[in-house]
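Colleague: Shown below is the structure under consideration.
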Amino acid sequence: MYAKSLLFTTALLPAVAMAGHAEEGWPEPVKEYYTEQVLFDRLELTRTDEEENVAVWDMMAWYGGDYHRFVFKSEGENIQDDGEPTDLERAELLYGYLMSPFWSFQAGVGTRGSLSSNASMENYAVVSFMGLAPYWFEMDNSLMVNEEGDVQFVSETEYEWQLTQTSYLQPRIEFTANLTDSDKYERQSGLSNLRVGLRYRHEISRELAPYIGVYWNGALGNTADEMKRMGEDTTETGVVLGARVWF
Amino acid sequence: MSNEFNKGRRKFIKSAFTMASALAIAKVAPTWAAPQGRSFKDQILTNDEIDLTIAKSPLLVGNKVGTPITINGQMPGPLIRLKEGQRAKLNVTNRLSEDTSIHWHGIILPENMDGVPGVSFEGIKPGRTFKYRYDVEQNGTYWYHSHSGLQEQLGHLGPLVIEPKDGDIGADREHTIILSDWTFEDPDTVFRNLKVAEGYYNYQKRTIFETFEDVRQQGLEKTWKQREMWGQMRMSPRDIADVTGSTYTYLMNGRDSAMNWSALFKPGEKVRLRIINGSAMSYFDVRIPGLEMTVVAADGQPVKPVSIDEFRIGVAETYDVIVQPKHNKAYTIFAESFDRSGYVRGTLTPEIGLEAEVPELRAVPERGMAAMGMGAMAMSGNKEEKGMMNMSGTDGHMNHEMMHKKELPVENIKIEHSEGGHGAAAAMIAMNPTSRLHEPGIGLDNVDHRVLVYSDLIGAQEWPDKREPERQIELHLTGNMERYMWSFDGKNYTEVDGPVQFRHGERLRLVMVNDTMMDHPIHLHGMWMELENGQYPRPRKHTISLKPSEKVSLLISADAPGSWAFHCHLLYHMKAGMFRVVNVA
């Protein structure tokens with residue numbers, strides 16, 4: 001971690017400007033500040049209405065200063081005891097730039113797919129607008145283009161109602177839209193998926209906050225039609241037990 | 001109930017200390033802060049040449065052992081008493097494992113003695129001694145503190161009193177009180193918490209139930225209107241202090257409320273209290289229930305006496321007040337953090353061991369429309385918004401005094417924001433900044449006693465430079481809470497390519513505009529700032545506190561050649577880059 005920090009620091013250092021008068025060898029009175037954070041927004045066990053147990057993670061890590069940051073995002077799930085490998089929904093390495101007080105623009109590359117040795121991963125380029133919308137809606141909007149040229153848009157929004165000084169009710173909404181059909185990845189164009197959730201979170205400390213919650217997940221549009229044709233269930237509900245953790 | 005509990009707890013702690021060894025008690029607090037109640041003249045450093053040793057040592061802070069930075073074994077450091085006209089000889093030895101420094105806050109001295117690493121000198125390396133030498137040409141109440149990293153948060157600070165040439169302090173006795181905020185957390189951790197988790201230390205946020213209650217009491221429409229603007233701006237009206245009583249133990253002369261720092265008086269005596277806010281981040285509201293206070297000096301400089309019941313002291317400011325307790329009973333000196341998340345009390349008493357009732361913390365205040373620069377004038381021409389002004393916002397009321405008082409120079413200065421605001425570094429710009437010198441500040445508007453305001457301050461004497469300003473410099477205070485970015489004109493120190501240039505000998509007007517939702521104590525090293533508050537002689541200050549969306553103007557005689565620090569004195573704002581070098585040449 002230290003070596004990585006050092007590397008990033010060097011990469012991020014702009015031409016050092018002499019803002020004051022100082023003699024050679026004197027320290028700068030104020031230095032640039034870089035830090036890092038690892039945040040598991042969701043680290044949870046899900047019990048679906050199909051009576052499956054699913055381990056889910058949704059995390060972000062970053063290193064950088066006020067304007068420039070390297071960001072790593074990862075999200076995925078593993079259905080317990082089904083013998084199937086973990087499903088990596090996204091793993092992205094991005095460069096982020098703070099463009100306005102509440103919004104950063106991020107661009108980078110990602111990969112996703114089944115985490116088994118023989119599966120081929122879907123690699124893609126991604127740009128995101130991540131930030132805080134008026135009325136404190138926390139958003140992450142991503143546009144992905146894979147090697148086949150398939151375009152997908154994913155939007156996540158969270159809101160927090162402050163119940164007490166250490167507990168929150170958090171609605172969450174996530175939708176996926178395919179801008180193109182994809183034969184290789186069996187995606188139908190149009191709005192394809194909607195997932196809504198509600199979590200009650202209690203902070204043991206600012207850094208560690210367990211929660212319980214419920215969610216509803218549904219396929220939409222052409223995607224739902226296709227699933228129906230295959231005889232699959234287009235909706236899923238479940239309860240979750242997890243924690244929001246950062247360090 | 002909690003009050004009962006606290007009282008019980010206090011008693012317990014107190015008796016626990018009584019049982020502790022005399023040695024342990026002696027190690028608790030500096031000797032000058034010990035409650036002998038005499039003037040401190042016989043307990044303080046008054047030698048012609050003074051040696052100060054900076055070290056880290058375990059010390060009881062409140063009821064727990066911490067590891068503050070001590071000066072001659074004490075935290076806060078010893079009271080240094082100098083005499084106007086003497087040559088100060090202060091030898092500072094660094095026994096830390098990192099560089100250190102001492103800045104003599106408010107003292108006019110040569111640039112190489114000002115003690116700011118990287119601006120006035122290179123700092124004091126571990127094991128080395130730096131010899132500060134300067135002529136003392138002023139008197140009054142000042143203080144000293146480290147200007148290296150976050151050392152100030154670890155208690156690297158102390159009081160500095162300069163006796164007037166004639167020795168007349170205008171009172172029968174005096175006590176020096178330095179207020180500070182202590183945390184058992186590592187200051188670097190505190191800073192990182194602020195950087196990565198907005199609102200980390202704020203445990204006074206608005207809850208959904210309070211909103212429900214507002215809807216029930218005043219209807220949905222009015223509640224929505226109150227909340228709407230805050231929601232659009234993504235800011236909280238309860239965002240008052242960045243670091244709060246949730247981590248801080250507030251100290252008076254190094255002692256917490258339970259230890260009850262006490263000072264003696266004889267009934268009928270005039271007692272001069274020299275009060276210094278040596279906090280890293282905390283503004284205090286100070287009062288002594290049952291006693292009128294007469295302010296006689298601000299930032300060490302004499303002002304015409306103003307009688308008040310309470311005053312707000314910004315970080316790094318000092319006020320001298322005279323009290324004259326007539327009765328043979330104890331009085332509580334109550335210093336309440338301005339976000340009401342905690343307090344520290346001490347006692348003014350005719351005999352040791354007495355204590356008086358300790359007031360309860362007042363309700364958490366909320367910022368009103370004025371904080372957004374939407375006070376009185378901003379509303380003109382917009383009927384709908386004009387209605388919003390009548391909301392119950394606590395610091396947004398327009399008072400009549402404002403309509404009748406004489407016009408200040410700053411009121412005719414048109415404020416220009418840089419194009420497109422100040423970039424991502426500024427989450428807001430004050431839409432219509434106003435002069436707020438006549439306002440006591442958030443949480444004090446509706447109290448039923450007299451509170452000191454800046455417009456009350458009148459210099460006790462004329463200052464030598466009576467020229468009109470030839471030039472004007474405008475600086476905006478900017479910030480973005482989300483990433484804890486603090487800056488001037490949208491740029492932190494590391495982003496600017498040169499110092500702010502003053503021409504040696506010029507008289508200039510510094511106009512500052514607070515484009516943030518927080519109060520900021522802005523400190524200029526090396527030169528006085530005369531506050532244009534409509535009074536003459538103007539009061540002069542080393543540290544001026546700006547309320548949200550306030551504009552102020554100050555006159556400066558650029559008579560001190562060299563490089564000087566200019567910064568927000570909230571320690572973590574300075575660390576974030578709300579800092580400039582002023583070069584006088």
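The values are calculated or read from the model by the stated rules, or taken from the named source; none is laboratory data. The structure presented is a predicted model; accordingly, all values stated were derived computationally and were not measured. Glycine also receives a Cβ, built like all others from the backbone with ideal geometry; neighbour counts cover every protein chain displayed.
Results for (1) part of a strand (DSSP E or B); (2) under 22 Å from the mean Cα position of the chain (by Cα); (3) on the phi > 0 side of the Ramachandran plot; (4) not charged (D, E, K, R), shown as yes or no for each residue.
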position: B:Pro78; (1), (2), (3), (4): no, yes, no, yes
position: B:Arg81; (1), (2), (3), (4): yes, yes, no, no
position: B:Gly115; (1), (2), (3), (4): no, yes, yes, yes
position: B:Val119; (1), (2), (3), (4): no, no, no, yes
position: B:Lys131; (1), (2), (3), (4): yes, no, no, no
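Colleague: Something else about it: For segment A:90-135, enumerate the residues that are within 19 Å of A:Asp41 (Cβ to Cβ), touching a Ser or Thr at 6+ places or on another chain (Cβ under 9 Å) and within 11 Å of chain B (Cβ to nearest Cβ).
Modeller: Passing the criteria: A:Ser104, A:Gly131, A:Ala133.
Colleague: Among the numbered criteria (1) surrounded by 24 or more Cβ atoms within 10 Å (Cβ to Cβ); (2) touching a residue at least 60 places away in the same chain (Cβ under 8 Å), which single criterion is violated by B:Ile522?
Modeller: Only one criterion is unmet by B:Ile522, namely (2).
Colleague: Report those strands (runs of 3 or more DSSP E) wholly inside segment B:512-585 carrying at least 3 residues which are more than 11 Å from chain A (Cβ to nearest Cβ).
Modeller: So the answer is B:520-524, B:529-531, B:543-546, B:551-557.
Colleague: Restricting to segment B:192-235, what's the tally of residues that are closer than 14 Å to A:Gln162 by Cβ, of a type in the set (Asp, Glu) and within 11 Å of chain A (Cβ to nearest Cβ)?
Modeller: Number of matching residues: 2.
Colleague: Under 7 Å by Cβ, and 6 or more places apart or on different chains, what pairs join a residue from segment B:184-213 that is touching a residue at least 24 places away in the same chain (Cβ under 8 Å) with one that is exposed (fewer than 15 other Cβ atoms within 10 Å of the Cβ) and of a type outside the set (Val, Ile, Thr)?
Modeller: B:Phe184/B:Lys64; B:Tyr203/A:Gln165; B:Lys205/A:Gln165
Colleague: So, one more: Restricting the search to segment A:47-72, which residues are without any contact (Cβ under 8 Å) to a residue 24 or more places away in the chain and surrounded by 15 or more Cβ atoms within 10 Å (Cβ to Cβ)?
Modeller: Result: A:Trp57, A:Asp58, A:Met59, A:Met60, A:Phe72.
Colleague: To continue, here is another question. Say we look at segment B:340-377 and pick out the residues that are touching a strand residue (DSSP E or B) at 6+ places or on another chain (Cβ under 8 Å) and in a helix (DSSP H, G or I); which of these is modelled with the lowest pLDDT?
Modeller: B:Met377
Colleague: Going through segment B:89-140 one residue at a time, which ones are within 14 Å of chain A (Cβ to nearest Cβ) and of a type in the set (Phe, Trp, Tyr)?
Modeller: Within segment B:89-140, B:Phe121, B:Phe130 qualify.
Colleague: Can you pull out the residues in segment A:154-169 that are part of a strand (DSSP E or B), touching a residue at least 12 places away in the same chain (Cβ under 8 Å) and within 12 Å of chain B (Cβ to nearest Cβ)?
Modeller: Correct list: A:Ser167, A:Tyr168, A:Leu169.
Colleague: So which helices (runs of 4 or more DSSP H) are wholly in segment B:150-239 and hold at least 2 residues that are among the acidic types (Asp, Glu) and not assigned by TED's automatic domain parsing to the domain that holds B:Met518?
Modeller: Filter on segment B:150-239 gives B:208-218, B:220-233.
Colleague: Taking only segment B:439-462 into account, find how many residues are of a type in the set (A, V, I, L, M, F, W, C), in contact with a strand residue (DSSP E or B) (Cβ under 7 Å, 6 or more places away or on another chain) and under 17 Å from B:Val321 (Cα atoms).
Modeller: Result for segment B:439-462: 5.
Colleague: Residues in segment B:483-511 that are within 14 Å of chain A (Cβ to nearest Cβ), farther than 27 Å from A:Phe102 by Cβ and either under 18 Å from the mean Cα position of the chain (by Cα) or part of a strand (DSSP E or B) (or both): how many?
Modeller: Of the residues in segment B:483-511, 3 are within 14 Å of chain A (Cβ to nearest Cβ), farther than 27 Å from A:Phe102 by Cβ and either under 18 Å from the mean Cα position of the chain (by Cα) or part of a strand (DSSP E or B) (or both).
Colleague: Quick check on B:Ala316: is it in contact with an Asp or Glu (Cβ under 6 Å, 6 or more places away or on another chain), aliphatic (A, V, I, L, M), part of a loop (DSSP other than H, G, I, E, B) and buried (at least 18 other Cβ atoms within 10 Å of the Cβ)?
Modeller: no
Colleague: Take the conditions closer than 14 Å to B:Asp99 by Cα and not assigned by TED's automatic domain parsing to the domain that holds B:Arg540 and apply them to B:His147. Does it pass?
Modeller: yes
Colleague: Of everything in segment B:413-449, what is surrounded by fewer than 22 Cβ atoms within 10 Å (Cβ to Cβ) and touching a helix residue (DSSP H, G or I) at 6+ places or on another chain (Cβ under 9 Å)? Give them in sequence order.
Modeller: Matches in segment B:413-449: B:Ala424, B:Met431, B:Asn432, B:His438.
Colleague: Being away from chain A (no Cβ under 14 Å), under 18 Å from B:Met113 (Cα atoms) and surrounded by 18 or more Cβ atoms within 10 Å (Cβ to Cβ) is true for just one of B:Ile54, B:Ile69. Which residue is that?
Modeller: B:Ile54
Colleague: Within segment B:253-304, considering only strands (runs of 3 or more DSSP E) that don't extend past its boundaries, which have at least 1 residues that are surrounded by fewer than 22 Cβ atoms within 10 Å (Cβ to Cβ) and either in contact with a helix residue (DSSP H, G or I) (Cβ under 6 Å, 6 or more places away or on another chain) or in the same structural domain as B:Lys541 (by TED's automatic domain parsing) (or both)?
Modeller: none
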